[in-house]
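Report on the following structure.
Just so you know, all these numbers are worked out from the coordinates, no wet-lab data involved. Here the structure is a predicted model, which is why all the values come from computation and not from measurement. Glycine gets a Cβ as well: all are built from the backbone with ideal geometry, and neighbour counts include every protein chain shown.
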Amino acid sequence: MAQIIEMPKLSDTMTVGTLIKWLKNEGDTIKSGDMLAEVETDKATMELESFFDGVLLKQFVAAGAQVAIGEPLAAIGKAGEKVDAPATKPAETTEGEAKPSETKAEVPAKKEETQAGTEPAETKADAPAKKEASKAETKAPDPALKATSPAPVVAQS
């Protein structure tokens, strides 16, 4: 059965990658460790390594295409094996369109509405006050830790 190579998450902030160019062509023999393609992330251009042995059966993405993490890029399998493009995740929306997750109204939890015995939920309005409080805590010196220094020594001539 063919192994599907998916767009990996190459950095912590990466959501999509651009396949810059293929380093292998369909029909090429692939060994584990071979570089398949160059992928541009939000931070750098990196090479995509194969972790499978076989033949590059199909390239699902053309050079220059932007691909979301987890989307299929290629298939590696036995020579002559047939492979179809796997189903992809729903396409991302274009700029200006609301994504389904953005259409729901986000209402911060009110402190009075929390369940008994639990901590009150933080809201975005609480963040600046909490940040200022933590700054004040770090700036105030602890009197118990006050360092004493010896009197300065004056050299006599």
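The simple spin-label model puts a point 7 Å past each Cα toward its Cβ; for Leu23 and Glu6 those points are separated by 2.2 nm.
Under 5 Å from the amide H of Glu6 lie the amide H atoms of Leu73, each residue being 5 or more positions distant or on a separate chain, with H modelled from the backbone and absent for Pro and chain starts.
Seen from all directions on average, the stretch 1-76 presents a Cα convex hull projection of 4.4 nm². Between Ala63 and Ala155, the distance separating the two model label sites (each 7 Å from Cα on the Cα→Cβ line) works out to 7.1 nm.
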